[in-house]
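Only one structure is covered here, and it is reproduced in the block below.
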Amino acid sequence: MYCKHCGYQLPEDSNFCPNCGKITEEVKQEEVKKEVKKEEEKIEIINCAPVDDLAQQEKDELGGKILKFAILGMAFGVFLPVLGFIFTLIAKAKIRSYIKLFGETEGRASVGKGLSIAGLIISIFFFVIWSIYAIAIVAIIMSQISDFMVM
């Protein structure tokens, strides 16, 4: 093999010309091939492995949000039924999003789905109870006021 720059005969596995000091084309091509291969490996790693991890992470995150809103719906459903109802509806909306994105619910999303149904029932039940209680209190107060006015 001969140097392409000065024509000096090169030893078989030389990386540069001992006469002019230039790097041989084969070495340059090998270095370029190594760089291209490294870049392809990086692209492969970026495109394949993390996508599955990101999808699972997004799935877990949405499932956690569903569970949180369902628990809030149940907790507030007892004392502030309107707020509990709102939290339950938010959980239901997130469940619909989860099903559109990932199919059937599983894990925390599945638990949240059950708790959101329970939260909805609790909110409606306590809304009725608190309404009856409020009407009874108003009726008692009105009867006391009317008795006071008559005297």
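Of 65, 38, 100, 94, which has the most accessible area with a 1.4 Å probe, and how do the rest follow in descending order? Intermediate values should be presented prior to the final figure.
On the way: 65 85, 38 110, 100 175, 94 55 Å².
Final ranking, largest accessible area leading: 100, 38, 65, 94.
Could you name the lysines in cross-link range of residue 38, using Cα to Cα under 17 Å and dropping any fewer than eight places away on the same chain?
Hits, sequence-local ones excluded: 28.
Between residue 16 and residues 5 or more places away or on another chain, which pairs have amide H atoms under 5 Å apart, with H built 1.01 Å from N, and which residues are they?
24
How far, in nm, would the chain grow between residue 30 and residue 131 when pulled straight, counting 0.36 nm per residue and subtracting the alpha carbon separation? Please list the in-between numbers first.
Details: separation 101, 0.36 × 101 = 36.36 nm, distance 8.14 nm.
Additional length available on full extension: 28.2 nm.
Straight-line reach only, C-alpha to C-alpha below 23 angstrom: list the lysines that residue 59 could link to, leaving out same-chain residues fewer than 8 apart.
Excluding near neighbours in sequence, the set is 68, 92, 94, 100, 113.
When we measure straight from the Cα of residue 22, which lysines land under 17 angstrom away, once same-chain ones fewer than 8 places off are left out?
Result set, ordered by chain and number: 4.
The values are calculated or read from the model by the stated rules, or taken from the named source; none is laboratory data. These numbers were taken from a predicted model, which means no experiment stands behind them. Accessible surface is based on the protein model in full, side chains and every heavy atom, while ligands, DNA and RNA are left aside. Shrake-Rupley method; radii C 1.70, N 1.55, O 1.52, S 1.80 Å.
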